[in-house]
Amino acid sequence: MSASHIVSLSGGIASAVAADRVIGRYGDDVELWFADTSWEDDDLYRFLDDLEARWDREITRHKDGRTPPEVFEEEGIIGSNRFLSCTRKLKIQPFVKHIKDRLPCVVYLGLDWTESHRLDGPRQRYIKMGAEVDFPLLWEPRLMKRDYMKLVDGWGIEIPLMYRRGFSHNNCGGSCFRQGAYAWRKLQQTDPDRFQWMVEWEEGMQKVVGNHTILNRGRSLRSLEGDGQQLVFDGIDDEGCFCSW
């Protein structure tokens, strides 16, 4: 019996291109899986709908029901790139359970050659479970990140709003707990109401758990409200998050 092929979709363009490659190679024996954090930009769902129309197949959409802030409230911590409860509980754990129910299978993740430091973790995780792992963006021809935009545009599908606003990712409506200062500044500029909600959430949590912060080096989101041009340089390595493993 041939193995199933399961693609983890993040809602971003890289994983969409990866899925397109897998479908092109394996056709009907491909499942597409997306974990909804209930914290996404509305346009991400439009993008998924457009992908379903392109591929003429339904995307499996898992939804825990909790948002990342609610997960951290339950745990009594302030989320950051040091505390990954949102990733673990809303994405990794349900995907792992899904995979275990479908062994043997091949898991496909949308990582490319620029993210070689991230390959070994998911590879080892799924091999131990009895699944194979593959990275379609490493198939030839290898692409640059700018090529993903061109491909998606060539499909006749509009690029997700988060990218059009200047974000490097399409995670959690621009309020990913793992992102850096540059992306938070971008959120302040493009969606000030959502940014203000996060400022007040962080300050409310600090009254409960102490003076911890989402950003590194003890900087609060409130501190980004000034001019802060230097923060552009803090965001050079601002990758958002990779949560689907």
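The values are calculated or read from the model by the stated rules, or taken from the named source; none is laboratory data. All figures in this text were calculated on a predicted structure; none of them were measured in a lab. Note that each Cβ is placed from the backbone with ideal geometry, even for glycine, and that neighbours are counted across all protein chains shown.
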| request: For residue 163, indicate whether it is of a type in the set (Ser, Thr, Tyr) and either within 15 Å of the chain's Cα centre (by Cα) or over 30 Å from residue 213 (Cα atoms) (or both). | output: yes
| Test: residue in the range 85-96 that is under 19 Å from the mean Cα position of the chain (by Cα) and either at pLDDT below 90 or surrounded by fewer than 13 Cβ atoms within 10 Å (Cβ to Cβ) (or both) | no
| In this structure, is residue 52 modelled with pLDDT of 95 or more, among the acidic types (Asp, Glu) and out of contact with any strand residue (DSSP E or B) (no Cβ under 7 Å at 6 or more places or on another chain)? | yes
| query | Would it be correct to say that residue 6 is at pLDDT 95 or above, more than 19 Å from residue 135 (Cβ to Cβ) and among the aliphatic types (A, V, I, L, M)? | reply | no
| query | Could you list, in sequence order, the residues of the range 32-55 that are buried (at least 18 other Cβ atoms within 10 Å of the Cβ) and in contact (Cβ under 8 Å) with a residue 60 or more places away in the chain? | reply | 33, 35, 37, 39, 40, 41, 43, 44, 47, 51
| query | Which residue pairs have Cβ atoms closer than 6 Å, lie 6 or more positions apart in sequence or on different chains, and pair a first residue in the range 74-93 that is without any contact (Cβ under 8 Å) to a residue 24 or more places away in the chain with a second residue that is polar (S, T, N, Q)? | reply | 75/85
| Counting residues that are of a type outside the set (S, T, N, Q) and more than 27 Å from residue 187 (Cα to Cα), which helices (runs of 4 or more DSSP H) fully inside the range 94-171 reach at least 1? | 120-129, 145-154
| For the range 64-84, how many residues meet the condition of being surrounded by 15 or more Cβ atoms within 10 Å (Cβ to Cβ) and not in a helix (DSSP H, G or I)? | 10
